[in-house]
Amino acid sequence: MFSDNNKIKKKIAARLKKRNSVYAIFLLSYVSILIVTLSSAFVYYAKINKQITMQTELSTVTLLGQLKTDIEDEIQYIKELSNDLVFNSKLEQIAKGVPAYTYAELMKDMSSKHKPREMLFDYLVYINATDEIVTPNIKMKARKFFNLMYEFVDLDYDAFDREYLHGYHFQELMPIQKMNQYDSQKVDVLPYIQSFPMSSKSEPLGQVIFFIDAGNMFSMIHQVHQVTNSNIYVLDEQDRVILSSQDAPPINAEKLESFGKLTNTRHEITNKIVSENNGWKYIASTPKSLYFKENFNYLMNFIAIFLIYLVAGLIFVRYLAKRSYKPLKEINDLIRVHTQASPGGKNEYENIKKTIVDQIQNDKELNEVIEKQLPIVRRDYLLHLIRGMVTQYDEVPQQLRSIGIHFTSDTFLIGALEIDMDSPFFMNNSNMSEKNLSLARVVAENVSCELMKEHFTCYFLDLGRNQSMFLLNLKEGSPSEAVSIAKKQGDEFIRFVYQFYQLNLNVGLSSPYTELKNMPTCFDEAKKALEHSKLRDVNEAVGFGDLGNLTFDYYYSMESEHQLVNLLKSGQYEQAKQFLGNIMEVNVSKNISANAAKLLLYEMASTLMKVKNFFLVAKGEEPASNEFVIEAMLRQSPSMEAAKRRFLETIDHMSALTENQNVSKTEKLVNRIAEYINEHAGDNWLDLNMLSQEFEVTPQYISNVFKKYKHENVKDYIAKLKLRAAKELLVTTELPVREIAARLGYATEAGIIRLFKKYEGVTPGDFRINARRNE
């Protein structure tokens, strides 16, 4: 059938030789799609066939399980009834000839215990001492009983007596026997024998014998066979066939152990269920031909429908190809008219492509310039963040996304890397050029991030000369696993680079942290771990947690001190307070020792005193004494909270010393804008465009500088001013909401309702009611 499809394609292609090439592409594409789509129906057919097979198997397993349950229920009942008799001490008394318990009483007990069951044909007790059989109804000599009541057809009584009536038997099943019942009716029974007493090690006192109705069991197996068309087998725990369906071939005992719950061979599918109670196996073997015989007619009908749809589809495909080609031809003709393109050797796609490429070429060149600069921008911003030169961490995620950095989790750690300049890589080259060092940095970057990428998102940052670092963002897993994973990969990184490039590397890893504001701490820890790695005889990655005595480690790096000094000298005192608070918070979380806290306070106090004295000298005054430094240094039990308050007071003192001296022109402009907004907050025309006209700068510039110095955008600043004024009017006056909205510059009350919903979560009316209720 598929060869016919290929012939159709070739005929269509031959007819299209003189047609336009794009039209041919359209037509052949639609034909291919049609054939693939229709061919997928065969996949659907195979899936349906598989589903039918699975349903058949499921049905077989269900029926096999039901057969197992029914047989086990009957066997379990027989075991329970057997135990009732075997553990009855009175039975032992009769067997031993003790007159305390009579045969009549035994027969009465047997009759009362017996309940009608489908498979229990009859049961009896054999007394060894008297060679007698006792049933719920009669007592008779054994030989006479098996000659008159139940006579074996294919088994000699003497053999039965020798093998089964004597000797110890524990829940033993005989082969199925055909017996003459009352010398008239032939029945098939499965004898079940249990000796008593059960714990006897010598010749037992007798046997309890149950005749299980094998004909009933055959009937149940036959029903499963009729429904599933499978050969059904029931095997005992020793893999002996107890029962099987009619005409079932002998089962291969050698292959029996290889059968799983479902075994699919070339010729048959076998399902097996093993009883957990007695180890019996219930097997259904189904010839594969039965699965597919009923599907043949369905397959033939399916192929006929497929061919009908194929012919109809080819007609529709031709119509679609013409319809699709028409607008393309019109566009191509339009391009040729306006661009005067030569049609020779050109098709429609090439002409359209050339036109589009020419149109976007300038944009592409611009994008290339931006893309070239983007890695530099990313590097600079990440270094700025890692070195602690950021105070507004709430804005960091948005800024990272804007430059294409997306963290997959909140867990970070940093690795500090230093290339050993005495490595064989450099010593084997007579000229230790900057080119070799650059090559070493490239190797370190590519190998480190390649090894780390399975568990981390890796950002490699060059710190200059022979030092680098990589920022690792854990993809998945717990923070506690991050360091062990990073150390393992770091050791592999060091071994790989030395083995293949003869480069010795020192690597230090920080502890994992879960907030962006802790990145400077990560960087500080990574550098300290790096210094320790250089002191070790073996090149291996060193984690900060491996250093020991971490209570003496505090965070106050040179970068942090430099950032704090810059903030103070530039007059950004609020940012300086926040930055100082971040440093204190980090060190409190590190649980540093009292001595480490003294050193930290000493260094921070020294920094503040240096800046303060800088301002005093600039004003022509004498530098301050070092009393504050001495006090912080000599404090026996330093209080971080008390020291923080003292530091903030010192910054406020600096602010007072330098009032109006360090305010930049930009900050003065922002203050003027804020004052103007405060005065005109009720004007309905107040927005960025109005402010731009008033102060003669662009709206974007106002938005950026206002956010930088006021830490919120202009729109939110105006909205909060209006909200404050609205709250006051609602509480102190009886003005309706509509009039208050008009006073605040809103055309309708809907504006003030949105304002309250956004910031307060209630309407203005509800706010007024709640405020007065709480008075």
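Every number here is computed from the coordinates shown, using simple stated rules; none is lab data. Note that the structure is a prediction, hence the values are computed from the model and not measured. No Cβ is skipped: glycine too gets one built from the backbone with ideal geometry, and neighbour counts run over all protein chains shown.
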Check your understanding: Nearest 0.05, what FRET efficiency do residue 534 and residue 33 give at R0 = 60 Å with Cβ-Cβ as r?
Key -> 0.40
**Study point:** Of 577/668; 178/272; 527/598; 517/577; 372/517; 668/720, those spanning more than 24 Å from alpha-carbon to alpha-carbon
**Key:** 178/272; 372/517
Point to revise | Net +/- balance of residues flanking residue 513 in space, Cβ distance below 14 Å, scoring K and R +1, D and E -1 | key: -3
Study note, to complete from the structure: For residue 396 and residue 680, extending 7 Å from Cα along the Cα-Cβ vector and measuring point to point gives, in nm, a value of 3.8
Point to revise | Theoretical FRET efficiency, 1/(1+(r/R0)^6), r = Cβ-Cβ of residue 305 and residue 131, R0 51 Å, to 0.05 | key: 0.05
Check your understanding: Counting pairs of alpha carbon atoms under 8 Å apart in space and at least six apart in sequence, what relative contact order in percent does region 31-184 give?
Key -> 14
Revision key, fill the gap. Sorted on mean Cβ neighbours within 10 Å (highest first), peptides 437-445, 23-31, 237-245, 524-532 come out as 524-532, 23-31, 437-445, 237-245
Practice item. Go through 487/610; 115/139; 353/435 and tell me which ones have a Cα-Cα distance over 30 Å in this structure. Key: 487/610; 353/435
Review point. In nanometres, what is the gap between the two model label sites at residue 562 and residue 589, each 7 Å from Cα along Cα-to-Cβ?
Key: 2.4
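How much length would be gained if the chain were fully extended between residue 641 and residue 226, taking 0.36 nm per residue of separation minus their Cα-Cα distance, in nm to one decimal? Don't skip to the answer; put the middle values down first.
Working: separation 415, 0.36 × 415 = 149.40 nm, distance 8.70 nm.
Contour length minus Cα-Cα distance gives 140.7 nm.
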**Study point:** Gain upon complete extension [residue 618, residue 148; 0.36 nm per residue less C-alpha separation]
**Key:** 155.9 nm
Check your understanding: Between rounded, prolate and oblate, where does region 373-525 land on the alpha carbon gyration tensor, with a ≥ b ≥ c its root eigenvalues, rounded for a/c under 1.5, else prolate if a/b exceeds b/c?
Key -> prolate
Study note, to complete from the structure: Label model pair residue 774, residue 703: point-to-point distance (7 angstrom along the Cα→beta-carbon line) in nm is 3.4
Exercise for review: Could you calculate the contour length gain from residue 276 to residue 66, that is, 0.36 nm times the residue separation minus the distance between their Cα atoms, to one decimal place in nm?
Suggested key: 74.2 nm
